[in-house]
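Inspection log for the structure reproduced underneath, given as structure tokens.
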Amino acid sequence: MSYLDPLTHLEAITILAIIFLLSIKFKFVDVGGVTASFVVGYVIYVFGGRNYFLALIAFYLVSVVFTKIRVRKVREVENKESGIRGWRNVVANGITATIAAIASGLSGEEKIFYAAYLGALSSAFADTLATEIGLLYPKMPRLITSMRKVKPGTPGAVTTLGYLGGLIGMTILALISSTIDRKFTIHEVLAIIYSSGLVGMTVDSLLGATVQAKYRCRICGKKTESPIHCGLRAEQVEGIEYINTHTVNFVATVIGAVTASIVTTFLTTTR
Ligand SMILES: [Zn+2]
């Protein structure tokens with residue numbers, strides 16, 4: 001039970017402090033983002049243990065690096081211009097994995113919760129890299145539902161490059177988790193991570209294209225996923241009012257975790 005061991009807490013605080021001081025120095029996250037990341041990282045560290053934490057930190061580092069690369073190349077995409085992660089983004093992507101890690105710790109490391117953890121992480125990882133790498137695509141992306149061409153950054157917009165980015169994210173996670181933990185065989189890890197990542201990122205795009213709220217700016221007329229544009233409240237033109245990009249991300253990680261659990265149950269009963 002690592003969460004009962006005071007040394008684990010000390011180790012978690014020390015390592016997280018180093019990572020987040022560096023993150024602030026390199027402007028990876030803002031103050032809210034760093035606080036939320038610290039809480040998520042800490043809970044995952046003490047309940048899930050080192051292996052859970054390593055998978056998480058890989059996701060964190062790879063996504064901030066890709067965000068920085070993309071921001072340097074594509075500056076005009078609104079709301080994503082700064083490349084700094086806020087607390088809402090961290091919570092939306094991290095809460096499902098955090099709950100899975102707590103369940104794993106309290107249950108005495110049940111396999112199914114480790115699978116759910118990997119599924120939530122895979123979904124968040126795939127979607128983040130799909131977005132960041134997809135935005136580098138030189139042509140117009142297409143909406144996942146109607147397949148018509150839309151502006152880059154539109155919720156639900158997909159590109160082949162984005163899916164390739166998602167695959168890169170899933171592969172990195174699979175490599176790390178199969179190296180650091182032997183709860184599952186390499187084939188099982190691949191099945192869990194690829195299925196949950198693909199389902200999660202697709203659900204993310206589908207919800208983005210359908211129920212996520214979209215607005216039109218009353219000043220410049222631009223269509224946006226942000227309720228405020230040009231300093232004023234924009235008019236909602238599509239979707240459901242309270243469903244924003246963070247809600248969609250969160251739901252996608254839940255679906256990813258559920259997919260991973262189902263695949264694991266199937267794999268372990270047919271073994
Ligand atoms: Zn505007």
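Since every read-out is calculated from the coordinates, none of them should be taken as a lab result. Fair warning: this is a prediction, and the values are worked out from it, not measured in the lab.
Counting only helical runs of four or more DSSP H residues, what would the 222 nm mean residue ellipticity of the chain come to if each run contributes -39,500 (n - 2.57) and the total is spread over all its residues?
Helices in the chain give a 222 nm mean residue ellipticity of -23000 deg cm²/dmol.
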Taking residue 73 as the anchor, which aspartates and glutamates have their alpha carbon closer than 15 Å to its alpha carbon, excluding any fewer than eight residues away along the same chain?
81, 132
Near the amide H of residue 158, under 5 Å away, which other amide H atoms are found, from residues 5 or more places off or on another chain, if H is placed in the peptide plane?
142, 143, 144
How many angstrom lie between the Cα centre of segment 1-40 and the Cα centre of segment 172-190?
24 Å
Under 5 Å between amide hydrogens, which residues at least 5 positions from residue 214 or on another chain qualify, with H placed 1.01 Å from N in the peptide plane?
237, 238, 239
Over 23 Å [Cα-Cα, the chain], rounded percent
52 percent
Step through the table entries 139/222; 25/68; 139/223; 27/222; 151/214; 151/222, compare each Cα-Cα distance with 21 Å, and write down the pairs that go over it.
27/222
Residue-wise HN-Hα coupling along segment 214-221, computed from phi with Karplus coefficients 6.51, -1.76, 1.60 (Hz; x: Gly, Pro)
10, 10, 10, 5, 6, 9, 9, x
